[in-house]
Amino acid sequence: MVCAAVLGSYPPLIVTALWPRPWPFLLLCAVSYAAEIAARHLARPASDLLSRVHLGVTMRFVIRETAAILLVARTAGTGSPWFSALVIGLFAAHGARAAQTWMALRYNRTLAHLPVLTRNLDAVTLPAPPPDILVNHRKLRFLYLDALPVGGAALGAALGDERLGATGAALTLLLILAGAAGLVPHLLRIRPLHDREAVLGAVDRRLTEYGPEVLLYFSGPEDSAYQVSMWLRPLERIDRRAVVVLREREMLRLLPGTTLPVVCIPSAADLMSFGALGAARLCLYPSNVGKNIHMLRIQGMRSVFVGHGDSDKEASFNPFTKVYDEVWVAGQAGRDRYLRARVGVRDEDIREVGRPQLTGIDTRGPGLPYRTVLYAPTWEGWTDDLFHTSIIGMGPKIVGALLAHSPPLRIIYKPHPLTGYRNAAARRAHQRIHALLDAADLSRSIARHPASAGEGGQIRHLIVTGPEPAVYDCFNQADLLITDISSLVADFIASGKPYTVTNVAGMPEEAFRERYPSTEAGYTLTRDLSELPGVLAALEAGGEDALAATRRKLKTYLLGPDHPDALTRFNDAVNTAWERAAPDEG
């Protein structure tokens, strides 16, 4: 529809210009510009399609301008000086816009190709940016200025004033030249950033002064930012000076606030030649990705895989993990997984450090007059072998059953950040759940059950698809967790509250619990949801449920002892590994 509106406006424009009919031409111009804006902002695929068939945005604007020139030629005549002024003004405006666009691209490219980006490290100072209108050429703001000469030409033809088109062209030219002039001082300020070696050297010297002892290294797609984010707070509280090393520029923007110095080095060659990093003795890896090899090749640094959560999923005993000097797990369960899997990780290379991220997990319920259920399914995995998600076959049914429960429940829905990344069915199920929660008739439930709403309050379901609130904050708001085989099971057990794990594959219960030990202290849920009423009934009864004692025992197995606390054990592990990495004196 949008493509049709954009393309359909041009033939009538040409016809009304040649006829000539100024007022219909002016109306069609307004329609054409409106369709252009819609294509750009509301239907981006339509705009991209037009570009692929060589009807790009510049070409489309030129066609409108050509139609305006034809209109003036037909009404004022080609001998009119104002006709010539319009043509020359449009031509000059395009030249000025090309120059301004080149300057904007030059500015953006300089910043986008910096060899190193930093945060919390006073090494390279980036000057204040220019106004967005001057450098964000993708929004086409300067191109839209041709509405002044095009509209002026049409209005002038309608009113018999030949000057309006040329005046609009002159005004457009002046505005574009002003925009170009406004970029000049900004281009001058970033000239020092063109010196690649100088930029690298400045950051290297500043980082050397800081004296990094421990590195947290991370590479991954945008949706995986949570994997590195969970380690920021623990590293802020250890004895050693830590630095976060990233590889993707966009990840620097996605990283939450931290007091740690952060460096982003996209180039593998720059990373491996960055002298200041070599001063660190210890490097922690939250994820197994291909770019880890660049850091692993740096000599003299002890490597430790810390992961981004302990679970019974195959990712928690990946054979690639054997390339690291040490593997840190939360508790005995993590050690046993590697030993059972026989993937080449030796028992003496495994250390139990707890989960320092879980400091602050509340063991009490949220204290509301109604119960809150957190549904947090995992994603579909990179391959079908890693397929543990309930969202496709069970997700909408689970949420529907929770919505239908009486007395009413509050639902917190927090899907995995990568949900739908590989499987379109998972994406559709997520959208269905979103729609169910949006459409829930909460006011009717509250009217039937006033006590469930509190004193004049109202139950509000929560859909969490961004970084806030964090998953651990969701734990503190929940009375019950419903999840899949994932690291959330081990993390949630720190709260001592009941949890339910979905049996997506429909395995016999005994075999399911034997294969996934983290489910021992949880309720299971099969595809028909037959177990759900009993779980919710026990939840409503209050007090300790039948599995409370088992959860306390399993907590120690999964997360380690309460004393010393996990942060202390993690800090001790960092210090021990750092000392073991000390260079030989002889």
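In whole Hz and in residue order, list the ³J(HN,Hα) couplings for the stretch 342-358 that follow from phi through the Karplus curve 6.51 cos²θ - 1.76 cosθ + 1.60, θ = phi - 60°; x for Gly and Pro.
With coefficients 6.51, -1.76 and 1.60, one gets 6, 9, x, 8, 7, 4, 6, 8, 9, 10, 8, 10, x, 10, x, 5, 7 Hz.
Add +1 for every Lys or Arg and -1 for every Asp or Glu among the other residues with Cβ under 15 Å from the Cβ of V471, and state the total.
-3
Full-extension gain between E250 and L111, please, as 0.36 nm times their residue separation minus the C-alpha to C-alpha distance. Each step should come with its number before you reach the end.
Values: separation 139, 0.36 × 139 = 50.04 nm, distance 1.26 nm.
This chain segment gains 48.8 nm when fully extended.
What residues qualify as long-range amide H neighbours of G365, i.e. H under 5 Å apart, gap of 5 or more or another chain, H built at 1.01 Å from N?
Those qualifying (amide H under 5 Å, at least 5 residues apart or on another chain) number zero.
Can you check what the net charge comes to around A330, using other residues whose Cβ is under 11 Å from the Cβ of A330 (Lys, Arg +1; Asp, Glu -1)?
On the way: positive: R335, R337, R351, R355, K555, R569; negative: D310, E352, D491.
Residues near A330 contribute +3 overall.
Fewest first, what order do D161, D362 take by the number of other Cβ atoms within 10 Å? Intermediate values should be presented prior to the final figure.
Details: D161 14, D362 17.
Fewest-to-most Cβ neighbours within 10 Å comes out as D161, D362.
Give me D for the chain in µm² s⁻¹, whole number, from Stokes-Einstein with Rh from the Kirkwood sum over alpha-carbon pairs, 4 °C and 1.567 mPa s. Don't skip to the end; give the middle numbers.
Working: Rh = 28.5 Å.
My calculation gives 45 µm²/s for D.
In square nanometres, what is the average projected area of the Cα convex hull of the stretch 299-356?
Details: hull surface 15.8 nm².
The number I arrive at for the stretch 299-356 is 4.0 nm².
With the cut-off at 26 Å, tell me which of the pairs K397/K555; K397/K497; K291/K322; K322/K414 have Cα atoms farther apart than that.
K397/K555; K322/K414
Do you know the relative contact order of the chain, to the nearest whole percent, from alpha carbon pairs under 8 angstrom that are 6+ apart? Show your work: numbers first, answer last.
Working: 936 pairs, mean separation 66.0, N = 586.
Dividing the mean separation by the residue count of the chain yields 11 percent.
Provide the net charge surrounding L402, with neighbours chosen by a C-beta distance below 11 Å and charges set as Lys +1, Arg +1, Asp -1, Glu -1. Working shown, then result.
Working: positive: R371, K397, R410; negative: none.
My count for the surroundings of L402 gives +3.
With a ≥ b ≥ c taken as the square roots of the eigenvalues of the C-alpha gyration tensor of the stretch 372-559, please select rounded if a/c is under 1.5 and otherwise prolate if a/b is larger than b/c or oblate if it is not?
On the way: a/c = 1.63, a/b = 1.17, b/c = 1.40.
Note, shape of the stretch 372-559 comes out oblate.
Going by how many other Cβ atoms sit within 10 Å of their own, how do D572, D491, D528 line up, fewest first? The partial results should precede the final answer.
Values: D572 15, D491 25, D528 10.
Fewest-to-most ranking of D572, D491, D528: D528, D572, D491.
Please list, in order, the residues from the stretch 86-104 whose amide nitrogen is less than 14 Å from a point placed 7 Å along the Cα→Cβ vector of L187.
Output list for this probe position: 96-104.
Which whole-number percent gives the relative contact order of the stretch 372-559, counting Cα pairs below 8 Å spaced six or more residues apart? Numbers along the way, then the final one.
Working: 281 pairs, mean separation 41.8, N = 188.
About 22 percent, as a whole number.
In nm, what is the difference between 0.36 nm times the number of residues separating R241 and A178 and their Cα-Cα distance?
Details: separation 63, 0.36 × 63 = 22.68 nm, distance 4.82 nm.
Result for the pair: 17.9 nm of gain on full extension.
I need to check one value: relative contact order of the stretch 211-358, counting alpha carbon pairs closer than 8 Å and at least 6 residues apart, in percent.
Details: 254 pairs, mean separation 32.1, N = 148.
That works out to 22 percent.
Going 7 Å from the Cα of S80 in the Cα-to-Cβ direction, what parts of the stretch 16-38 have a backbone nitrogen less than 16 Å from that spot?
Residues 17-26 fall inside that zone.
What's the exposure ranking of V501, V343, going from fewest to most Cβ atoms within 10 Å? If you can, show how the numbers build up before the last one.
Values: V501 27, V343 15.
In order of increasing Cβ crowding within 10 Å: V343, V501.
Looking at the chain, what % of its DSSP beta bridges pair antiparallel, to the nearest 5?
Beta bridges within the chain, antiparallel portion: roughly 10 percent.
How long is the gain from R460 to R297 if the chain were fully straight, where each residue apart is worth 0.36 nm and the alpha carbon distance is subtracted?
53.6 nm
First check a/c for the stretch 211-358, with a ≥ b ≥ c the square roots of the eigenvalues of its C-alpha gyration tensor; if it is under 1.5, answer rounded, and if not, answer prolate when a/b is larger than b/c or oblate otherwise. Present the calculation step by step, with values, prior to reporting the outcome.
Details: a/c = 1.59, a/b = 1.43, b/c = 1.11.
Prolate.
Where in the chain are the DSSP H helices whose C-alpha atoms run 30 Å or more along the long axis and whose mean Kyte hydropathy is at least -0.5? Mind dumping the intermediate values first?
Numbers: long enough: 81-112 (45 Å, 0.45); 163-189 (41 Å, 1.37).
Taking the DSSP H segments of the chain (at least 30 Å long, mean hydropathy at least -0.5), we get 81-112, 163-189.
Taken together, the values in this text are just the output of simple stated rules run on the coordinates, not laboratory data. All of these numbers come straight from a predicted model, not from anything done at the bench. Quick reminder, even Gly has a Cβ in these numbers, built from the backbone with ideal geometry, and neighbours come from all protein chains shown.
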